[in-house]
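First the structure, in the form of structure tokens, and then the observations on it.
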Amino acid sequence: MKLSIWQLDAFSARRFGGNPAAVVPLAEWLPDETLLAIAAENNLAETAYVVQSGDDYEIRWFTPTMEVPLCGHATLASAWVVFYRLAPQRESVVFHSKSGPLRVDRQKERLVLDFPVHHVLPASDPTAVSAALGKTPQEIYEGFQWLAVYAHEEEVRSLKPDMAALLATGIHGVIATAPGTDCDFVSRFFAPAAGVPEDPVTGSAHTRLTPYWAARLGRLSLFARQVSTRGGELWCELTNGRVRIAGCVTLYLEGTIEI
């Protein structure tokens, strides 16, 4: 069986920046073990699979080791494939996922995700996560993804987490964040439990970061940078209980795989 594949750099206007994702459109769903094997072979943070369903698409996301319930950058990349390859006349698309319907709009050079808001709660026992990060944050919150808040951008940039210790906590991922020097806030995201020691740019993390920083800064529209080695830029807006996350997508590869 031959399948089309695209690899794209999401949340970046430059090639080799942002977060790489693979997108594989399917005529129908293949067995989960096949989807996971392709994702492991791609060895990217995420591989997204889309199946057309009427005017919309179903979407699922896999890291090299597991399926995840939500992925921002691979959804952005999937929308690029729809808008620029599968249905170039379209200006919006809805993906149906395990996290509900996810709309993406095309706005000039940027694509805009419409995601559910996710909130975090003060951590009851932050000791293990704080120790694994290697530097005690000012604040720490727990949830599916934990949130560690630092005072300065340089503290986030200089973090060198103990990945084995993070993995031992059993937490899906930990977001480190701080006020930005040339943006509203910066972040990094560590998810060794999902097979991704550090994710270059993480849309799903911004469903937690946006409500936190909107409340702290008193503004609903925010510009963010994820300060991983590759780096990325995100324009975030809190609106009607949703988070709109905009970013650019840059094509790197298109081709065919055989399974």
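3J(HN,Hα) along segment 56-62: 10, 9, 8, 9, 9, 10, 10 Hz, from the Karplus curve 6.51 cos²θ - 1.76 cosθ + 1.60 with θ = phi - 60°, whole Hz, x for Gly and Pro.
Near the amide H of G143, within less than 5 Å, lie no amide hydrogens of residues on another chain or at least 5 residues away, with H placed in the peptide plane. Magnitude of the charge dipole for segment 115-252, about its Cα centre and with charges confined to Cβ atoms of Lys, Arg (+1) and Asp, Glu (-1), is about 240 debye.
Seen from V129, the other residues with C-beta closer than 11 Å to its C-beta sum to a net charge of -3, counting Lys and Arg as +1 and Asp and Glu as -1. Remark: segment 22-38, residue by residue, has Karplus-estimated 3J(HN,Hα) of 9, 10, 10, x, 10, 6, 7, 5, 8, x, 4, 5, 6, 4, 5, 5, 5 Hz, where x stands for each Gly or Pro and the curve is 6.51 cos²θ - 1.76 cosθ + 1.60 at θ = phi - 60°. Think of it as helices only: each DSSP H run of n ≥ 4 in the chain is worth -39500 (n - 2.57), and spread over all residues that comes to -5500 deg cm²/dmol at 222 nm. Computed from backbone phi with θ = phi - 60° and the Karplus coefficients 6.51, -1.76 and 1.60, the 3J(HN,Hα) list for segment 42-47 is 5, 6, 9, 4, 9, 10 Hz; x is used for glycine and proline.
The local environment of L238, defined by Cβ-Cβ distances under 11 Å, has a net charge of +2 under the rule Lys, Arg +1 and Asp, Glu -1. Using a Förster radius of 35 Å, what is the FRET efficiency between M1 and E139 based on their Cβ-Cβ separation? Nearest 0.05, please. For R0 = 35 Å, the calculated efficiency reads 0.10. Farthest toward the dipole's positive end in the chain, which of T169, T256, A13, given Cβ charges of +1 (Lys, Arg) and -1 (Asp, Glu) about the Cα centre? The listed residue farthest towards the positive side: A13.
Expressed as a rounded percentage, what relative contact order does the chain have, with Cα pairs under 8 Å and six or more residues apart? About 23 percent, as a whole number. Relative to the Cα centre, the charge distribution of the chain, modelled as +1 at Lys and Arg Cβ and -1 at Asp and Glu Cβ, gives a dipole magnitude of about 560 debye.
Taking amide hydrogens as placed 1.01 Å from N in the peptide plane, the amide H of V120 sits under 5 Å from that of no residue at least 5 positions away in sequence or on another chain. Stretched out straight at 0.36 nm per residue, the stretch from C183 to E109 would grow longer than its current Cα-Cα span by 24.6 nm. Mind giving me the FRET efficiency for L253 and H119? R0 is 35 Å, r the Cβ-Cβ distance, nearest 0.05 is fine. That pair, L253 with H119, gives E of 0.40.
Footprinting exposure proxy ranking of R242, R15, R188, R230, fewest other C-beta atoms within 10 angstrom first, gives R15, R242, R230, R188.
To the nearest ten degrees, helix 72-81 and the longest principal axis of the Cα atoms of the chain are 20 degrees apart.
Quick note: the coordinates plus some simple rules give every number you see, no bench work behind them. Everything numeric here is computed off the predicted structure, so don't read it as measured data. Glycine gets a Cβ as well: all are built from the backbone with ideal geometry, and neighbour counts include every protein chain shown.
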